[in-house]
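For reference, the structure discussed in these notes is given below.
The values are calculated or read from the model by the stated rules, or taken from the named source; none is laboratory data. Keep in mind that what you see is a predicted model, and the values were worked out from it rather than measured. For neighbour counting, all protein chains shown are included, and Cβ atoms are generated from backbone atoms with ideal geometry for every residue, glycine included.
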Amino acid sequence: MPHAAPRPHLTPLARKLAARIASQGPMSFHDYMEACLYDPDHGYYKKREALGRGGDFITAPEISQVFGELIGLWAGEVWRQMGEPGAVRLIELGPGRGTLMADALRALRVLPRFLESMTVHLIETSEPLRNAQRATLAGTVPPISWHGRLSDVPEGPSVLIANEFFDCLPVHQFVFSAATQDWRERMVTFEERTFEIVSGPVTNQVRLSPHGSVPGDGDILEFRPGVEEALSAFAARAERGPAAALLIDYGYSRPSLGDTVQAVKQHHFTGIFDAPGETDLTAHVDFSHLDARAAAAGFETFGPMPMGEWLLRVGLEARTQQLLASASEEEARGLIGQVSRLVDPAQMGALFKVVALTRGVPVPPPPFSRE
Ligand code: SAH
């Protein structure tokens, strides 16, 4: 007698998406990923505090305070390069638990004029994470406000920071067919109580331009419309005052083909269709695309620079030495381990990259130069 296939446990979101597919047909992978992350009832970011040791994944600011401190000092330096404008907006996209911003503001006590000139603006869709940010940042000095989108931040000169924000915006995936010499879109369907990928007509044509090399059968190309949206909102601000951004994420510097989507739950990789709404889904950031779109939007662009190199060049060693001077032996071991994790190319130092964008700032932001 054949074994009955195990009946997979369906999450509430899986049931909702299955019903949607049954009535409307297969959905693009982009829409699937978007629902997994942002569905108003069951989306991953709607319900949980995903990050940190007790969550599903850990990020650089959660690894070491030095990360946020150096970014704070970077923001201060860029503000000086802008000519120290008043009413400056320090903006963070996707601030997680608020750790980076807390470390940045603490480090900026050395530049009180900047703290007095700024208001802080946190762009966050997740209610549980907004609460975590409120708790982490309680008692900090500059006034803080929360917004659902960048375009809601009041006008003014801006310094924007985003760490691991772009990687969670949903991607379209296209697959090349040698037979038709054309791209098809990867769609998600639901059969026999499981989700699977099928191909269908393309639902978003934007990125199907030549990609450097000729694609082969089965090659996958990813496209993330959210990059364009964020850049155009930031470009609109930059029309009316100096603007600089520091974007840090994991991804690739040259146009690449391939499926880079990954699902993570409790610090382990899992399948993209396992437990929709309960696992974190991300995909690599295509930095060449980001760079090209930023340049087209009128920004001067710097990088991508490997994150390890960036941290070393903005003073990681000196800051670490300072902390080591007052650390116990055990703390010192911990600190060295954390800092190496950020810098070591075999760990986060090379996969993660840093890009800076400026407009209306006369000199390149540290540690970049004009080639
Ligand atoms: N920067 C933080 C968190 C990274 S996780 C850190 O480095 O620790 C991604 C963050 O972006 C979370 O705070 C998440 O809730 C938020 N986020 C994801 N998509 C978003 C969107 N479309 N708009 C605003 N915030 C978003």
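The set of residues in the stretch 328-358 that are within 21 Å of the chain's Cα centre (by Cα) and among the basic types (Lys, Arg) comprises ARG341, LYS353. Among the conditions (1) crowded, with 18+ Cβ neighbours inside 10 Å; (2) within 24 Å of MET82 (Cα to Cα); (3) of a type outside the set (D, E, K, R), the only one that THR279 does not satisfy is (2).
Being farther than 12 Å from SER64 by Cβ and assigned to a helix (DSSP H, G or I): is that true of GLY308 here?
When the stated conditions are applied, GLY308 passes them.
Scanning the stretch 62-101 for residues being closer than 23 Å to CYS168 by Cβ and in a strand (DSSP E or B) gives a total of 5. Residues of the stretch 321-371 that are touching a strand residue (DSSP E or B) at 6+ places or on another chain (Cβ under 6 Å) and either aromatic (Phe, Trp, Tyr) or exposed (fewer than 12 other Cβ atoms within 10 Å of the Cβ) (or both): PHE352, PHE368.
Restricted to the stretch 81-107, and to residues there that are closer than 17 Å to ALA356 by Cα and in contact with a Ser or Thr (Cβ under 6 Å, 6 or more places away or on another chain), the residue that is nearest to the ligand (Cβ to nearest atom) is ILE91.
Consider the stretch 113-133 and keep the residues that are polar (S, T, N, Q) and closer than 17 Å to GLU84 by Cα. The one that is farthest from the chain's Cα centre (by Cα) is SER117. Considering ARG184, ARG130, the condition of being assigned to a strand (DSSP E or B) and either within 13 Å of the ligand (Cβ to nearest atom) or surrounded by fewer than 21 Cβ atoms within 10 Å (Cβ to Cβ) (or both) is satisfied by ARG184 alone. Cβ contacts < 9 Å: first residue surrounded by 20 or more Cβ atoms within 10 Å (Cβ to Cβ), restricted to the stretch 235-255; second residue of a type in the set (S, T, N, Q) and part of a loop (DSSP other than H, G, I, E, B), any location; separation 6+ or different chain. Result? Short answer, once both residue conditions are applied: GLY251/THR260.
The requirement of being farther than 30 Å from GLY360 by Cβ, touching a strand residue (DSSP E or B) at 6+ places or on another chain (Cβ under 8 Å) and within 15 Å of the ligand (Cβ to nearest atom) is fulfilled nowhere in the stretch 216-237; no residue meets it.
From the list LEU150, LEU70, LEU137, pick out the single residue that is more than 24 Å from ARG313 (Cβ to Cβ), buried (at least 19 other Cβ atoms within 10 Å of the Cβ) and touching a residue at least 60 places away in the same chain (Cβ under 8 Å). Even if it seems obvious, please write down each step before you answer.
Values: LEU70 fails: more than 24 Å from ARG313 (Cβ to Cβ); LEU137 fails: touching a residue at least 60 places away in the same chain (Cβ under 8 Å).
Exactly one of LEU150, LEU70, LEU137 is more than 24 Å from ARG313 (Cβ to Cβ), buried (at least 19 other Cβ atoms within 10 Å of the Cβ) and touching a residue at least 60 places away in the same chain (Cβ under 8 Å), namely LEU150.
Quick check on LEU115: is it part of a helix (DSSP H, G or I), among the hydrophobic types (A, V, I, L, M, F, W, C) and surrounded by fewer than 23 Cβ atoms within 10 Å (Cβ to Cβ)? It is true that LEU115 is part of a helix (DSSP H, G or I), among the hydrophobic types (A, V, I, L, M, F, W, C) and surrounded by fewer than 23 Cβ atoms within 10 Å (Cβ to Cβ).
Scanning for something away from the ligand (no atom under 16 Å from the Cβ), surrounded by fewer than 21 Cβ atoms within 10 Å (Cβ to Cβ) and outside any helix (DSSP H, G or I), does the stretch 52-61 turn up at least one residue? No, because not a single residue in the stretch 52-61 is away from the ligand (no atom under 16 Å from the Cβ), surrounded by fewer than 21 Cβ atoms within 10 Å (Cβ to Cβ) and outside any helix (DSSP H, G or I). Checking each residue in the stretch 118-127 for being outside any loop (DSSP other than H, G, I, E, B) and either within 14 Å of the ligand (Cβ to nearest atom) or β-branched (Val, Ile, Thr) (or both) picks out THR119, VAL120, HIS121, LEU122, ILE123, GLU127.
Comparison of VAL78, VAL110, VAL159 shows that the only residue that is under 19 Å from the mean Cα position of the chain (by Cα), at pLDDT 95 or above, away from the ligand (no atom under 15 Å from the Cβ) and closer than 30 Å to ILE336 by Cα is VAL159. Within the stretch 162-181, the set of residues being within 16 Å of the ligand (Cβ to nearest atom) and in a loop (DSSP other than H, G, I, E, B) comprises GLU164, PHE165, LEU169, PRO170, VAL171.
Every residue in the stretch 296-316 that is farther than 17 Å from LEU351 by Cα and without any contact (Cβ under 8 Å) to a residue 40 or more places away in the chain, please. Correct list: ALA296 only.
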